[in-house]
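Colleague: Next up is a structure, given as structure tokens.
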Amino acid sequence: MLVVFFDIDGTLLSTGGAGGTAMRLAFRNQFGVAEPANVPFSGRTDRAIGASFFAAHGIEDCEEHWQRFREAYLCELERQLPRHEGSVLPGIPELIAELASDTDVAVGLLTGNMEHGAWRKLEYYGLRDRFAFGGFGDVHHHREEVAEVAMDTARQHLGRSIERAVVIGDTPLDVACARAVGADVIAVATGIHDWEELEASRPDLLLEDLSDWKRVCDFLRS
């Protein structure tokens, strides 16, 4: 069985900034911070982003504070999604439809998004029914840990061994987490990282986007 794990933001879709706006507003409203620090988001787990906000503002990183932030973010995400102009990225509908037609291929998620937020983004952009399992960023600070969870979840969901895994993502951290679990990786320059940055992370295949989805399928079946 071939399992293809997709990142969400910058790979499957763009929310037009809805997620980042929701994060900052949720933190501001819950913890009374007028101007939340400009912490890095790209490729990181939501749990790690939360920890960075807490550290930047001298707030204890505890379960109570994380859950407050998490719930506020999910509520704010609902408000922000329709206020931003996002889209499914090029080639995604065709690629996923092609993979779904192959009984020897399964698709899953490997994302830093917290699980409920991940499913909500996919639902909003019409991709929810294409995915049934994955690894998410609610608990772990590092994408490598999320990748391990994604692999375990895939095995449990499919009830069979994984002969090959491929991660598709738009950041060097996607490449690194794929390597940590022995997966091949396709990097796409559809996020904030340019070609040179992604090339330096040494993916197996590097593309400007996924519009040439037939080439992606050829790589996956090679």
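Here, each number is a calculation from the coordinates, and none is a lab measurement. These numbers were taken from a predicted model, which means no experiment stands behind them. Here the Cβ is made from the backbone with ideal geometry for all residues, glycine too, and neighbour counts use every protein chain on show.
Colleague: Just from its helices, what would the mean residue ellipticity at 222 nm be for the chain, if runs of 4 or more DSSP H residues each count -39500 (n - 2.57) and the sum is divided by every residue, rounded to the nearest 500 deg cm²/dmol? Spell out each step's value before the answer.
Modeller: Numbers: 9 runs with 101 residues, N = 222.
-14000 deg cm²/dmol, from helical runs alone.
Colleague: Please compute the modelled spin-label separation between residue 163 and residue 199, points set 7 Å along Cα→Cβ, answer in nm with one decimal.
Modeller: According to this spin-label approximation, the distance is 3.4 nm.
Colleague: Sorting 139, 105 on the 10 Å Cβ count, fewest up front, what's the list? Walk me through the numbers before you get to the answer.
Modeller: Working: 139 14, 105 18.
Ordered from fewest to most neighbouring Cβ atoms within 10 Å, 139, 105 come out as 139, 105.
Colleague: Counting only residues 5 or more places away or on other chains, whose amide H sits under 5 Å from the amide H of residue 185 once H atoms are built in the peptide plane?
Modeller: The list, which skips near neighbours in sequence, is 167, 204, 205.
Colleague: Ok, one more. Taking the range 66-196 as the region of interest, what is the percent of Cα-Cα pairs per 10 angstrom bin, listed from the shortest bin to the one with the maximum distance?
Modeller: Taking every Cα pair in the range 66-196, the percentages come to 11, 39, 39, 11, 0.
Colleague: Something else: Considering the options 39, 165, 132, tell which one lies farthest towards the positive end of the dipole of the chain, charges being +1 on Lys and Arg and -1 on Asp and Glu at the Cβ, about the Cα centre.
Modeller: 132
Colleague: Moving on. Mind giving me the nanometre distance, one decimal, between the label points for residue 97 and residue 219, set 7 Å out from Cα along Cα→Cβ?
Modeller: Going from the residue 97 label point to the residue 219 one covers 2.2 nm.
Colleague: Calculate the spin-label point distance for residue 180 paired with residue 155, positioning each point 7 Å from the Cα along the beta-carbon direction, and give it in nanometres.
Modeller: Label at residue 155, label at residue 180, 1.7 nm between them.
Colleague: To one decimal place, what Kirkwood hydrodynamic radius in Å is obtained for the chain from all pairs of distinct Cα atoms? Don't skip to the end; give the middle numbers.
Modeller: Numbers: mean 1/r = 0.0568 Å⁻¹.
Value: 17.6 Å, from the Cα pair sum.
Colleague: Report the trypsin sites (Lys or Arg not before Pro) located in the range 170-222 that are in a DSSP loop and have at most 15 other Cβ atoms inside 10 Å of their Cβ, or state none.
Modeller: Values: sites: 179, 214, 215, 221; in loops: 221.
Answer by residue number: 221.
Colleague: Dividing the alpha-carbon Rg of the range 18-83 by 2.2 N^0.38 Å yields what? List each step's numbers first, then the result.
Modeller: Working: Rg = 10.9 Å, N = 66, 2.2 N^0.38 = 10.8 Å.
It is 1.00.
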